[in-house]
Structure formats: structure tokens, C-alpha cells
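The values are calculated or read from the model by the stated rules, or taken from the named source; none is laboratory data. Given the structure is predicted, the values throughout are model-derived calculations rather than measurements. Don't worry about glycine lacking a Cβ; one is built from the backbone with ideal geometry, like all the others, and counts go over all protein chains shown.
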Amino acid sequence: MARKFGVFAFLLVLAACGGDTSPSADGGNETADAPQSASPAPPPGHGATAYTGAGIWDGTGSAVQAGRALLVRDGRIEGIVGEIPAGAEVVDLAGGIVTPGFINAHGHVSGLWAGEDVTDPADRVRGDLALYARYGITTVLSLGGIPDSGFAIRDAQHVPTLAHARVYVAGEVVAGDTPAEASRIAQANIGKGVDWMKIRVDDNLGTAEKMPWAAVHAAMSAAKAANIPVATHIYYMEDAARLLEMGTGLIAHSVRDRDVTDPFVQMVLDAGICYVPTLVREVSTFVYAERPAWFDDPFFLEAANRREIDRVSQPAFRASVAASPIAAGYRKALVQAQDNLRILIGSGVPIAFGTDSGPAGRFPGYFEHLEFGLMAAAGLTPREILLSATSVAAGCLSLDDVGTLEPGKWADFIVFAEDPLQDIAAARTIRQVYIAGNAIR
């Protein structure tokens, strides 16, 4: 624009002085501006990154795609392509397999697991989320216990610069003794902008009073009026059935008192909701009576909280676990939970992956891999387990931008050295974790 303005001014000066311009030999004007060439368009791959060299499983249940690349731009997936567009940055993943990041439909993010030198509450929450991400858990529904700073972290996570696991929140667990108290807690959660409401209906193996049904109804009514889905903590099949009738949106633990019946299974199917087994939750209640074998697992130790290892390793703590009748009861409950998981998945009930990790003694990230093993022991195939932790969990939580490697979704994915679709234990061979296309591990 500056050059054009200078030529135009020069012509005005010539005109004012009475001069003329001589035509050139080809009839043109010697002082006329030369035509300006347009800036070349950037190549189609400019600003994109193509991840190549690994088989890609997109989380939809289709087969692994070989010889293709995962194309990412601005933190989101553009596609799985056979030809890399010119101008794209290329990252060679050097073999292995890519899957979507894992989704935990029942965790707890509290800041408990951050380093001792981290004092800011928001940074402690981010520390928990970074720990989850290190083990391939790229999205967590925190069903209770998150500090208020977690809400702002959730609100700020829809950006291409994200460097920790995504989090969705349920606020305070609703467990009031009266309708008024339950309603008060529910309304406080609604005011904070929760994604889910969590209601606890359990007597801890007969050692506590269950939440009265009138109080449950009050909380459920408040959530329904605010259009907020409800996740329910249960133990007994009868309670789960009643909560299905009341409109629960997620059964957040296994039925552990008896075999689920055909009418109950049909109720779950008719309700169109999902079931979260949380098998490793039972393990956490009794495993510390002795030193767990996985305390020697390098995959565990690479990011384990040493302070918590020391706490659960104290002789007095181990003795209390060994002597606890509640721990013995939950050991039996684990067997029942696995039996029911076989029945439910065989009947077509959608199983959303979840662990109840995050409270004391339940190591975030690593406990998810223990859950995989427990699901396999219950008879689920590696593909069923991985679907549960990706697209099924996303669908159960109504998350439409994670869970599969499809165009438009966030580029949250894991790179494995070995194929977890063949052996779920290979899920521990994580080489890289990406969130919004950013390398986390």
C-alpha cells in the first residue's frame, strides 16, 4: 500500500507541473504501477501436526488403522489420513499403537496427591490432574471432594494449550439426614455450576445409617429441576432399583450384595443409563493388610506418592486393616461385583470405566490400570475394556468432544509400545500421552 501511494503522489506532481508521461514501446505507461502479485497461499497442512508411524485405534470399535497419520490442528483432530498435507509438521511415533485417552467416569480430584512443596489449592488440583494424565487418564469426572478452585480449572480447560487431564465436577456429595439438608446441599452444588450431582445411598456394610428416602427424593428433585444428571453411590441391588425408578443418571458403583436379576438388568437397559463397576475400590479396603506386590512395580513407582506409600505401610495401619471386619466384607464384595459385571456386560448394559480413585490409599492413575486387570479377570476382553474407558465412558457422561479420535474432537491420545487391544496388560507400556496435542509424558 505504501508503494502505490508514492507512485500516485508522483503522478500528481507531474500533472501539476504540466509534464506528461511518455508511452512505452508496448503502448503502456512507463510510470504506471506494476501489477502486484498476491501473497502465496500457505500449504494446506500449515499449522497442522501429523502423527505417523503407529497403528491407530480410534475408539469406535473399528479395526486398528495402519499406514495412516493422525492429523491435529489447534488441539483438535482433523482426521486420520493416508496422505500428509504439504506443510504439516511430522511427528514419527516409531511403532506401537495409538488409542484415545482414557476417561474415568468415577474419580475424585482433591489436591491430595500433589507434591508437598505445592501450597496453592488450584495448583494442587492441577497436580492431581497431571498425575492422572501421566498414566493415560485424560478426563476425570470428580464425584465429590474437589476444592472450589476446581470449578475455574474446569471452565478454563477448553483450550489448545491444556497440559493436564480434563475434569468435570459434582461438588459436595449429597448425604443429608433430612430433606431440608439434602436440598440445601443440592442447591449449593447447583449454584456452583456442577456438571453432575452425587448422592450416597449406603450403610457401609451395616455400620452407618443410609440416607433417608425422603432426603434422596429432595435431592433428586432439585437436580431434575436444574437439569443436572445424578450419579448414585449404591451397594444393594434393591437400592439401585429404587434409584432407577427415581431417575438416576448413573449407577456409580457395583451392586455387591447379590447376583443381579433379570428384571433388574432390564430396568437398567430400559433406563438407558450406564453402570460403573469401580472394582479396585473394594481392593483398596483390604489390600494394605500386607505389602501389595505392586509397590515394587516400576510403572507404579515412577510417579507414586511416597508419603502415601509410607502411611499405608505403617505396621499399625496394616494391623488395623487385617483386623477389620469391614475390610473382610469388601473382599467378598469384590467377588460379587465381578460376577455381576459378567452378567451385565453379557446382557448389553453399557459399562463406563471408573475406579473411585483419589481418596487416601487409592493412587490416581495407577489404580486405573489395576481396574483394567480386575475387569479382565471378570471376563471382559481387552477391546471391551478399552471401549469402556473411551467411547462408552464419553457417551455415558454426555461428553461429545473426547473419547474417540474423530474429526473435531480434542486430540487426547496415548501412544503404547505394545498393543493393549491384544493384551490389556500392554496398557502399561505407555510411551507418550497427549492432551489437546500437547505432550504430557
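Which of the residues belonging to region 297-330 are assigned to a helix (DSSP H, G or I), under 27 Å from the mean Cα position of the chain (by Cα) and among the acidic types (Asp, Glu)?
Passing the criteria: only Glu308.
If the Cβ limit is 6 Å and pairs must be 6+ apart or interchain, which residue in region 148-167 that is over 10 Å from Val125 (Cα atoms) pairs with which residue that is among the aromatic types (Phe, Trp, Tyr) and surrounded by 20 or more Cβ atoms within 10 Å (Cβ to Cβ)?
Matching pairs, first to second residue: Ala165/Tyr132.
Considering only region 351-378, state which residues are closer than 12 Å to Pro277 by Cβ, of a type outside the set (D, E, K, R) and in a loop (DSSP other than H, G, I, E, B).
Listed by number, the residues that qualify are Ala352, Phe353, Gly354, Thr355, Ala378.
Among (1) surrounded by 13 or more Cβ atoms within 10 Å (Cβ to Cβ); (2) in contact (Cβ under 8 Å) with a residue 40 or more places away in the chain; (3) more than 22 Å from Val201 (Cβ to Cβ), where does Ser284 come up short?
Failing condition for Ser284: (3).
Is it the case that some residue within region 179-198 is in contact with a strand residue (DSSP E or B) (Cβ under 7 Å, 6 or more places away or on another chain), buried (at least 18 other Cβ atoms within 10 Å of the Cβ) and modelled with pLDDT under 95?
So far as region 179-198 goes, no, none of its residues is in contact with a strand residue (DSSP E or B) (Cβ under 7 Å, 6 or more places away or on another chain), buried (at least 18 other Cβ atoms within 10 Å of the Cβ) and modelled with pLDDT under 95.
Please determine whether any residue of region 152-167 is in contact with a helix residue (DSSP H, G or I) (Cβ under 6 Å, 6 or more places away or on another chain) and part of a loop (DSSP other than H, G, I, E, B).
yes
Restricting attention to region 287-305, which residues are at pLDDT 95 or above and either surrounded by fewer than 15 Cβ atoms within 10 Å (Cβ to Cβ) or charged (D, E, K, R) (or both)?
If the condition is that a residue be at pLDDT 95 or above and either surrounded by fewer than 15 Cβ atoms within 10 Å (Cβ to Cβ) or charged (D, E, K, R) (or both), then Glu290, Arg291, Ala293, Phe295, Asp296, Asp297, Pro298, Leu301 are the ones that fit.
Please state which of the following conditions Pro292 fails to meet, knowing it meets all the rest: (1) within 21 Å of Ile430 (Cβ to Cβ); (2) under 25 Å from the mean Cα position of the chain (by Cα).
Result: Pro292 passes all but (2).
Which of the residues that make up region 110-122 are under 19 Å from the mean Cα position of the chain (by Cα) and either assigned to a helix (DSSP H, G or I) or touching a residue at least 40 places away in the same chain (Cβ under 8 Å) (or both)? Please lay out each step first, then the result.
So in region 110-122, the residues under 19 Å from the mean Cα position of the chain (by Cα) come out as 110-114, 122.
Of everything in region 110-122, those that are under 19 Å from the mean Cα position of the chain (by Cα) and either assigned to a helix (DSSP H, G or I) or touching a residue at least 40 places away in the same chain (Cβ under 8 Å) (or both) turn out to be Ser110, Leu112, Trp113, Ala122.
Given (1) under 18 Å from Ala63 (Cβ atoms); (2) in a loop (DSSP other than H, G, I, E, B); (3) of a type in the set (Val, Ile, Thr), where does Ile385 come up short, assuming only one miss?
Looking at each condition in turn, Ile385 falls short on (2).
So which pairs qualify, if the first residue must be in region 214-238 and small (Gly, Ala, Ser), the second must be part of a helix (DSSP H, G or I) and crowded, with 23+ Cβ neighbours inside 10 Å, the Cβ gap must be under 7 Å, and the two must be at least 6 apart or on different chains?
So the pair list comes out as Ala215/Ala182; Ala218/Ala182; Ala219/Ala182; Ala219/Ala186; Ala222/Ala186; Ala223/Ala186.
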